[in-house]
1. With +1 on each Lys and Arg Cβ and -1 on each Asp and Glu Cβ, and nothing else charged, work out how big the dipole of the stretch 246-346 is about its Cα centre, in Debye to the nearest 20.
2. For the stretch 127-248, take every pair of Cα atoms, bin their distances at 10 Å starting from 0, and report each bin as a whole percent.
3. GNM, the chain, Cα, under 10 Å: largest mean-square fluctuation among SER309, SER116, SER155?
4. Using only the Cα atoms of the chain, each taken as one equal point scatterer with no solvent, compute I(q) by the Debye sum, divide by I(0), and report log10 of the ratio at q = 0.07, 0.08 Å⁻¹.
5. Would you work out which of ILE324, TYR266, PHE242 lies farthest towards the positive end of the dipole of the stretch 232-336? Charges go on Cβ: Lys and Arg +1, Asp and Glu -1.
6. Might you tell me the accessible area per residue for the chain, computed with a 1.4 Å probe and given in Å²?
7. For ALA57 and SER334 in the same chain, what is the full-extension length gain: residue separation times 0.36 nm, less their Cα-Cα distance, in nm?
8. Three principal axis extents, largest first, for the C-alpha atoms of the stretch 192-232, in Å?
Amino acid sequence: MSYTVDVYRGHVKANRNFIDFATYVTLFPQLIAGPIVRYSEVEIELKNREVTINKFAEGVERFIIGLTKKVIIANNCAFLVDGIFSLPVEDISPLIGWVGVFAFGFQVYFDFSGYSDMAIGLGKMFGFNFPQNFNYPYIAKSIQEFWRRWHITLSRWFKDYLYISLGGNRKGVLRTYLNLFAVFFLMGLWHGASWNYILWGCYHGLFIVIEKLGFNKVLESVNSKISLIYTLVIINFSYPIFRCDTLPEAFTYMKNMFNFSSTTNYEYLNFYLNKEIIITLIFAIILATPIHKKITNHIKHLKDLNKTSTYNLFVNLKIASLFILLLVDYIYISKGAYNPFVYFKF
């Protein structure tokens, strides 16, 4: 759709080479779930790709990181999430409820960002530079910022091909808010033809509008930790709508998240929240922050400072760590059941 629209608008020239066009349309690494790659982003690379050992190595590293996110973190979180959401919603206590939604948030994030990393890594191995799709969304200080960090290529797609086409913010304040709400309504529908997804999209659209109305200035004026907590609570509170099979189940789940008179089934929680899952959740919390990016930048900075021996030591440690991660990934894959990517159903 973006190719057709861009050609119609004159933003790109139509590709009259069938092989190049077919390559773009069937570009398999990102085809199923993203990142959404526009023709203009790979137009040059369809003709002239630069494939080097260094880029191939970068691609392998990105692929291993993505695979690790999926098979170690996302799949372990899924074990906990499936256990909690299989409970009758009437038995959900605040503790179990909040553990369930936070675990589901990590499952979706590491599952989908893992897929995106694998796609970006494969693309780099073949000489393509796909756009980034996630930028640590769980450190966002507002819902607006969250959507600038989560599924970035989808947000940009809806902005460029729907929001701006509807008039954007050029037709008055009321029309701007209606356009925003329409975008998130359709973004929910994009995930599936279900009232759950539609309501989930409208929920996010409502908070986007509230922040646009001036609440964003309040968030900017308070302590950043308060803004962070606000964002995490709003985002995670919406997950039952996304995860539960029906809206009545979702509403009951959300209500019980604040029903502090209910008792917690600790035996059930202890069974699913075992040591392996706890360790996984700790790593999930750490890796949801830019710590890996900071370490990588620090290693590159050592090279710039001509600290060759220290730089080589870090590079060797990184290579060894990647091999260990790949080995652990294979172990998890060999002993685990079939766990498709959660976003494949949307």
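1. For the stretch 246-346, the charge dipole is close to 480 debye.
2. With 10 Å bins starting at 0, P(r) equals 13, 40, 36, 10, 1.
3. It is SER309.
4. The Debye formula, applied to the Cα set alone, gives -0.35, -0.46.
5. Farthest towards the positive pole: ILE324.
6. 54 Å²
7. 97.2 nm
8. Here the spans come out as 39, 20, 8 Å, largest first.
The values are calculated or read from the model by the stated rules, or taken from the named source; none is laboratory data. Note that the structure is a prediction, hence the values are computed from the model and not measured. FYI the Cβ positions are ideal-geometry reconstructions off the backbone, even for glycines, and counts take in every protein chain you see. Ligands, DNA and RNA are stripped out before the accessible areas are found, and what is left, the full protein with its side chains, is counted by its heavy atoms. Shrake-Rupley method; radii C 1.70, N 1.55, O 1.52, S 1.80 Å.
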